[in-house]
1. Report the Cα centroid-to-centroid distance between the range 48-98 and the range 2-24 in angstrom, as an integer.
2. Let me test this: with uniform point scatterers at the alpha carbons of the range 1-60, what is the Debye-based log₁₀ I(q)/I(0) at q = 0.16 1/Å?
3. If you keep only loop residues by DSSP, which trypsin sites (Lys or Arg not before Pro) in the range 8-41 have at most 16 other Cβ atoms within 10 Å of their Cβ?
4. Pull out a ≥ b ≥ c, the square roots of the eigenvalues of the alpha-carbon gyration tensor of the range 182-255, then state rounded if a/c is under 1.5, prolate if not and a/b is larger than b/c, and oblate in the remaining case.
5. Amide H of Leu181: which non-local residues (sequence gap of 5 or more, or other chain) have their own amide H closer than 5 Å, using H built in the peptide plane?
6. Please tell me which of these pairs span more than 21 angstrom C-alpha to C-alpha: Lys2/Lys165; Lys79/Lys205; Lys11/Lys157; Lys56/Lys79; Lys79/Lys157; Lys11/Lys208?
7. Show me the ranking of peptides 77-85, 189-197 by mean Cβ neighbours inside 10 Å, starting with the highest.
8. Helix 101-113 versus the longest principal axis of the chain: what angle, 0 to 90°, nearest 10, using Cα atoms?
Amino acid sequence: MKPLQIVVCIKQVPDPEGPVDAFKVDSDAKRIIPVGIPPVINPFDENALEAAIYIKETYGGKVTAISLGEKLAQPVLRKALAAGADELILLVDQHFKDLDSGSTAYVLSEAIRRTGGYDLIMTGRQAGDWDFGVTGLLLAEMLRIPSVNLARKLDRKEDGIWVEKLTRDGYELVKAPMPALITVSNEVGELRYISIRALQSVRAKPVKVYGAEDLDLDIQRLATRQILDLFPFQGQRECRFIEGDSNQLKGENLALKLREDRVI
């Protein structure tokens, strides 16, 4: 089988594992402001990157990582190179601020068309900040290639890419001809451990940076997210003790209370 040209889309997000009180909500500006939270690669995109590197190591090929944003931190995104990606492309421009999913897919599609060909495009199932989960599928539509979402396992065969696609009750086995786009879920596995030495070794590796003019984009097609309202959660906490003469009765009373509150 011939080596594959694989493109992985990775997004820079504030660390979703940060404490809740480190995220401030500006209701007037309709923005969430991370305070003291470092940027990281979106965790689901790390799953996609791991799957791409595994396919490359198993069947041969090249992995190109692409990231889009207004202000991207190269030290953060070079982690993709340290993990095993062969090339990193950053799409950086003032016009790329707060793009909606359709516009993000449009910019990515134009960049991917300039990579010199591809067999497989991989993205995370959703982003760790807005959780829309549609950019990958929109990207496939714009490139006019088949797509499979929510992949928990992938395998390359002579007749295409075979994907175990998550469903509510288990999974489906789906075959897609290549080129194809796959959105990857966390069941694929976490990104491999990256040593400090590996991170240091890619410091001097060249990174391609493109802006809107380089991609010859139609700026009129770019639209930002339209947020109607944004406010912090104002709910109140209430502690209740479940009584009962025995552990069994306490359990039954707890179940009744949870049902009453529509938790179960």
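Quick note: the coordinates plus some simple rules give every number you see, no bench work behind them. This is a predicted model, so every value here is computed, not measured. Neighbour counts run over all protein chains shown; Cβ positions are idealised from the backbone, glycine included.
1. Distance between centres, Cα-based: 10 Å.
2. At q = 0.16 Å⁻¹ the computed log10 ratios are -0.63.
3. Counting only loop positions with at most 16 other Cβ atoms within 10 Å, the trypsin sites (Lys or Arg not before Pro) in the range 8-41 are Lys30.
4. oblate
5. When sequence neighbours closer than 5 places are left aside, the close amide H contacts are Ile121, Ser147, Val148.
6. Details: Lys2/Lys165 25 Å; Lys79/Lys205 12 Å; Lys11/Lys157 29 Å; Lys56/Lys79 17 Å; Lys79/Lys157 29 Å; Lys11/Lys208 16 Å.
Violating the 21 Å Cα-Cα cut-off are Lys2/Lys165; Lys11/Lys157; Lys79/Lys157.
7. Most protected by this proxy first, the peptides run 77-85, 189-197.
8. That helix lies at roughly 30 degrees to the long axis.
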